[in-house]
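The values are calculated or read from the model by the stated rules, or taken from the named source; none is laboratory data. Here the structure is a predicted model, which is why all the values come from computation and not from measurement. Ideal geometry is used to build each Cβ from the backbone, glycine not excepted, and the neighbour counts take in all protein chains shown. Please note that ligands, DNA and RNA were not included when accessible areas were found on the heavy atoms of the full protein model with its side chains. Shrake-Rupley method; radii C 1.70, N 1.55, O 1.52, S 1.80 Å.
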Amino acid sequence: MGLLLLLTSMLLYSYFHSERVVNAQLLFTITAIHLSIEPAPDVTRDTNVTLKCQTFVSSAGPEALSREYTIYKNGNTIYSKTTSTSEDLLYPLSEARVSNSGKYKCMISIEGENMTSEAKKLTVTGLSKPVLHINKGVVSEGEEITAKCTAPGETGSFFFYFFIDSKEIKDMQVNSNQAEVQLHFSSTGIHKIHCGYTVLVTPDSFKSNESDSFTVSVRELPIAAVLEIFPKSRIYEGDKLNIFCKVKINDSRTSSESISLYLMQGSQLLSSGYSALNHSMVALAKDPGEFECRLKKGIVIKLDTTVVSVTELFSVPTLTMSPAEVFQKEYMRLTCKSESSASERLGRDELTYTLDPPGSLMTPEGNGIFLGQALLYDFNYTCVAQAKEIVKRSEPLTVRPKVPVSTPKISVVDRAVIGKPLKILCQSDNGSLPISYTLLSGHDQLNTTIVKELFQRAIFTVNISKPDEISKYMCEARNSRKEAPRSKRLNATVIVPLTNAILTVLPPLAEISEGDNIYLICGVNGTPPVTFKWYRFGNEHPLHTTTYNSNNTNYQVSALSKEHSGMYYCSADNHANQVVYSDLVTIEVRVKGAAVSVWSERPPEEGNDEESSMVSNEPDVEYTEVVHPCPLDHARVPPKKGTETVYSELQNSQHGATDHHDYGSVEYAELNSERPEIHHFPPEVNHHQELPVPVD
């Protein structure tokens, strides 16, 4: 038991002791860190600058904490130190230079806990004056000198610049405060040399003043390039030129070794070698007339140039065509000619002309004249003039044969409607543009249109008042001097607008009773097909609609009742888009057997032989007067002055006759009213217009 107590006490002591050690090590915090630049953030060159890193730490431990300091410049580590003291870190920058300029930070790290100060910027101004050294003050052309430029006391990354006569010759980047280059001089005389430098401090740069200048005297080498050309004057095309390029040495002590020669004409190198060059060639007026003899020794270049004037033996020929425009398979003439020639050097027959390509089917008709037919396609011709081995070619001449216009076709655009503007299209399938189209009426020319673009069309607008007028129109097409082909006469369907719509009822109105079937026959004058519609007055929707290829058709109403009594009318429309309406017809459905008040005028009795013989060839005719008991509302339907009797010729309907009556092949119904007669209504318009619905 006593042993157990002893062990427990030892364990508890060990635990509490280790816990105190841990707490002593962990009980601290970094409260602040500051970086300062002394004596100031902006200083001049050679100032002693100190970066001071001051840290504030709160700690409960009895022992000093280990601190690790790091100094950064522009994000890069430049210094680090570990210390166990609480003293401030001092980082000296003795005799500061421009290269010390930049942004600095200080960071402290204690037991894994870090803190970084704010950035402080140090700016150091002032650079030392560069010093230039050269190894020679007198040199010959092409000789090199050594120049060294130094930035005394400066550090960092440098760009050095070297100048000859204030013109920058070389630059180089180095990481030391001096640079050395080799300089040479391409011209003789006195030259001045100086240098300068720039210190790179990212992201800035600082430029120094310029060094003192040094004078270098450059002597001319006793050598020269010599160019000679024969003949010296009155040179014509085809003459032979002899050209000499050589080296002239004015001092016997100068060697001709390492001297190169180049003979050039414009940018073309004719010959190259050493000591002397000899070149022969034929003179051409088209070539550049400047020749150059170039001498090169090291970096030294000597030139001698001569301009040669060459008289043209004959000018570049031109190729022309007549006539200026030609159609396929038409004859044409090509003429090749040089406008000028040197008659003092060239005989009349020495200058010859040929046509290229040779197999172009053109026959020579004299020197420079060629005859032949135009091809069916475009073709390029070139004229070649030649004399004394001089050959000159003309610019290519492209002959584009035109295609004769084909017989035009005449047609109607959209539809031909009496009373509306009629558009007529005249068009040829083939023919080169421009094409002139002329519209004719008989032999009279009405109008002309010139088609110049590929998708342009020749459209003429006319007016016709009768259908047979349309066949008078023709058109002709022309794109050449030849006779213009004419189209056939215009053949197209002419639409006559509808007129005189009449609604007829079968059987006669006086005989309509309950249970009967009636036919509402709508007839018009005009061109079919016709769209017919039947209406009952007071209802805006039609009872029936049909399109029929005739001027009349019917609508059957079966098994009549008293409810079918009322006023009816019909409308008609064709491709002229002008709707016409019939007058109203009043239908009264009576009870079978009821008396009606009607009168009718029938054909003469069979007993009257004389009168019968006069009408024996006519169909049976019946005239019925229909009395309308219900007057129209004149405020809704425009009245017509006077009394009008309308006769309608009714052909048998294809649907058959009525159930109760056999009406002959032709019937005439006279519809008279006790009210004033009314026009067809509403007036003809270009769209369907329904009749108004009456108000009780």
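List of remarks:
- Other residues within the sphere of radius under 12 Å centred on the Cβ of Ser267, judged by their own Cβ, net out at -3 (K and R +1, D and E -1).
- Classified by the C-alpha gyration tensor, the range 388-431 has a prolate form. Its axis ratio a/c, with a ≥ b ≥ c, is 1.5 or above, and a/b is larger than b/c.
- Residues Tyr274, Tyr104, Tyr555 ordered from highest to lowest accessible area at a 1.4 Å probe: Tyr274, Tyr555, Tyr104.
- Between Asp88 and Lys240, the simple spin-label model (points 7 angstrom out along Cα→Cβ) gives 9.9 nm.
- Förster radius 25 Å - calculated FRET efficiency between Val138 and Gln173 (Cβ-Cβ, nearest 0.05): 0.20
- Local charge for Asp212 was computed over the other residues whose Cβ lies under 14 Å away, with Lys and Arg +1 and Asp and Glu -1, and equals +2.
- Packing-based order for 267-273, 398-404, using average beta carbon neighbours within 10 Å, highest first: 398-404, 267-273
- Two-site label geometry, Tyr548 and Asn380: point separation in nm, points 7 Å out along Cα→Cβ: 7.2 nm
- Sorting Arg345, Arg333, Arg67 on solvent-accessible area from highest to lowest, probe radius 1.4 Å, gives Arg333, Arg345, Arg67.
- With a simple spin-label model that places each label point 7 Å from the Cα along the Cα-to-Cβ direction, the separation between Glu228 and Asn447 comes to 8.5 nm.
- Estimated at 0.36 nm per residue, the fully extended path between Leu371 and Asn74 surpasses their Cα-Cα distance by 98.1 nm.
- Taking every protein chain into account, the 1.4 Å probe leaves Glu118 with about 140 Å² of accessible area, to the nearest ten.
- Gain on full stretching of the segment that runs from Ser465 to Ile190 - 0.36 nm per residue minus C-alpha separation: 88.5 nm
- Sequence of Met321, Met474 when ordered by accessible area, the most exposed leading, probe 1.4 angstrom: Met321, Met474
- Here the alpha carbons of the range 515-587 define both size measures, Rg and Dmax, at 12.5, 39 Å.
- Centroid-to-centroid separation of the range 39-118 and the range 361-432 [C-alpha atoms, Å]: 93 Å
- Taken as Cα centroids, the range 160-233 and the range 237-295 sit 31 Å apart, rounded to the nearest whole angstrom.
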